[in-house]
Amino acid sequence: MINNKQLKLNFIFVIFAQLVTLIVSCMTNLLLPKYISQISYSYWQFFIFYAGYIPCLALGLNDGIYLRLGGKTVNELNTTALKSQYLFGQFFQMILVFIISCITFFVFGISTKTFVFLLVFLYFISYTSYNFLSYVFQAINKINIFATATIIFQFTYFLFQLLFIVKKENTIFYLIVYYIIANFISVLYMLKKIKPIFRRGHVNFQTGKLEAIISMKTGISLMFANICSMLVLGVGRQIIGLRWGILAFGKISFALSLINFALMFIIQISTVLFPTLRRLDFDQLRKVYIDLMNKLFIFLPIIFLAYIPGKLILEAWIPKYTESIGYLGILLPICFFDCRMNLVNNTIFKVLNKQVLLLKVNIVTIIVSVFVGLVGAYLVNDVNFVIYTLVFSVAFRCIISDCIISRWMRIGINKYIIFDIILCILFIVIANLKHYVFVIAILLGCIILRYVTIKFYGEKER
């Protein structure tokens, strides 16, 4: 059964951590572009883009830990196995990073992008430890420690950004180094917190190797599923970068970074749900799934109402990014579909140990994304067309996942999917019209209609 008190406390910790993250993200995405050049901001986005994919060098170790320990208590941990594979994993990944760094340098030579890649590899050395420890604390339901580590990371980085702006640093690479240092400081905090657990075990290299291999086998499909999930948008951004250059890449990345505000918040809430839902039987899980889907159906469309006031404020604040802000009128449905995908669908796949199927869904989506993206870039030769394909790919993945899970849960959701598609198409068509009152009135009317529908049909339709 769900421990409601513990669940509420976990939500409070996560929400507070995400508020701190939101403040720092606002500074990064709203203040930083105002004080640095567009090309510098583009290289910052280039670093963040590849830093998101670097966890694949862990070969599923951290994801496997998350899945194997999910729902366990501290007393149920095999501390020797946990401590040994942590140290084995860090040693293995540092060797791997060193080899790849050498290859990158000798193959691509000295260039700005090469230097960014080397910083990405340096970041991974810190991040892989952060990722392992945070997954352990999330899996054993020590959300308060994970949330505190997040706050330490974000607050430290916030102070470094202030220093960067006040000192008027003339290169973005200082900011990247600050980002790495902030991450490392949060690692030190988690190492201190896990020390009592590690103290109960001893280091055995052979045990570490064997346990790490088991964790990699368990987590490799989830790792690839997560990477492929990022690639759904990533391949489109790369196609834009290759076809229209680093500046176009930066403009699209700026718009997507604004969308990530909401997505980061949703993803962290899902970390609270996973260990809790892992303890439920099927009937309880089905009930929670229905409740989540009903609530999201009502509340998610509200993000569209925020577009007009948000657009006006952003255009006044950073007018040089007016073009990027306009792209939000096309891209905001990504937030709509990805919120449901990350909060509900991905969590259900993991709870039911269906990581391989999740991977297959993401691979199919990537193939679709690559195909329509290349058509848009090299046949249609229109960056807006490529942006539309990003929305299509994300919606495609979410809807396919909805259909699969609803079949497992024996719930009909076709009418709700149709409502979602109509709303998103309507938003894209009217979002950038100049008659703002008309746009808000139409969207508000659709949201009210959705609310009446869900109240009328209720769970019997689901």
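Using only C-alpha atoms and all pairs of different ones, pull out the Kirkwood radius for region 311-462 in Å with one decimal. Don't skip to the end; give the middle numbers.
On the way: mean 1/r = 0.0575 Å⁻¹.
Result for region 311-462 stands at 17.4 Å.
Only Cα pairs under 8 Å and 6+ residues apart enter the sum, and on that basis the relative contact order of the chain stands at 22 percent.
For the chain, the C-alpha radius of gyration sits at 0.98 times the compact-globule guess of 2.2 N^0.38 Å, with N the residue count. The translational diffusion coefficient of region 307-363, from Stokes-Einstein at 37 °C and 0.692 mPa s with a Kirkwood hydrodynamic radius over alpha carbon pairs, comes to 241 µm²/s. Counted residue by residue at 0.36 nm each, then reduced by the alpha carbon distance between them, the extension gain from THR114 to ILE422 reaches 106.5 nm. Rg/Rh for region 85-207 (Cα atoms only, Rh after Kirkwood) is 1.04.
On a full-extension model of 0.36 nm per residue, what is the gain between ARG199 and TRP244, subtracting their alpha-carbon distance, rounded to one decimal in nm?
Working: separation 45, 0.36 × 45 = 16.20 nm, distance 5.36 nm.
Gain in length upon complete extension: 10.8 nm.
The apolar share of the surface of region 21-74, taken as the fraction of accessible area on carbon and sulfur atoms (1.4 Å probe, ligands and nucleic acids excluded), comes to 69 percent. For region 373-462, the normalised intensity computed at q = 0.16, 0.20, 0.25 Å⁻¹ comes to -0.84, -1.04, -1.19 (log10 of I(q)/I(0), Debye sum over alpha carbons, equal scatterers, no solvent).
Largest first and in whole Å, what are the equivalent-ellipsoid semi-axes of region 216-364 based on the Cα gyration tensor, each being the root of 5 times an eigenvalue? If you can, show how the numbers build up before the last one.
On the way: eigenvalues 200, 87, 21 Å².
Semi-axes (√(5λ), whole Å): 32, 21, 10.
Per residue, how much accessible area does region 159-216 have with a 1.4 Å probe, in Å²?
Numbers: 3340 Å² over 58 residues.
For region 159-216, the per-residue accessible area is 58 Å².
Note on ILE430/CYS56: beta-carbon distance plugged into 1/(1 + (r/R0)^6) with R0 of 45 Å gives a FRET efficiency of 0.70. Remark: the LYS192-CYS102 segment gains 29.1 nm on full extension, using 0.36 nm per residue and subtracting the alpha carbon distance. P(r) tail for region 1-141: Cα pairs beyond 28 Å make up 37% of the total.
Here are some pairs, LYS168/LYS251; LYS34/LYS320; LYS83/LYS195; LYS34/LYS167; LYS295/LYS354; which of them have Cα atoms lying more than 19 Å apart in this structure?
Numbers: LYS168/LYS251 22 Å; LYS34/LYS320 8 Å; LYS83/LYS195 10 Å; LYS34/LYS167 15 Å; LYS295/LYS354 24 Å.
Cα-Cα > 19 Å for LYS168/LYS251; LYS295/LYS354; rest within.
The fraction of accessible area contributed by carbon and sulfur in region 77-221 is 71 percent, rounded to a whole number (1.4 Å probe; ligands and nucleic acids excluded).
How many Å² of accessible area per residue for region 313-436, probe 1.4 Å? Don't skip to the end; give the middle numbers.
On the way: 5130 Å² over 124 residues.
I get 41 Å² per residue for this part.
The values are calculated or read from the model by the stated rules, or taken from the named source; none is laboratory data. None of these values were measured; they are calculated from a predicted model. Cβ sites come from the backbone with ideal geometry, for glycine too, and all protein chains shown count toward neighbours. When the accessible area is computed, the model is the full protein with side chains, heavy atoms only, and any ligands, DNA or RNA have been set aside. Shrake-Rupley method; radii C 1.70, N 1.55, O 1.52, S 1.80 Å.
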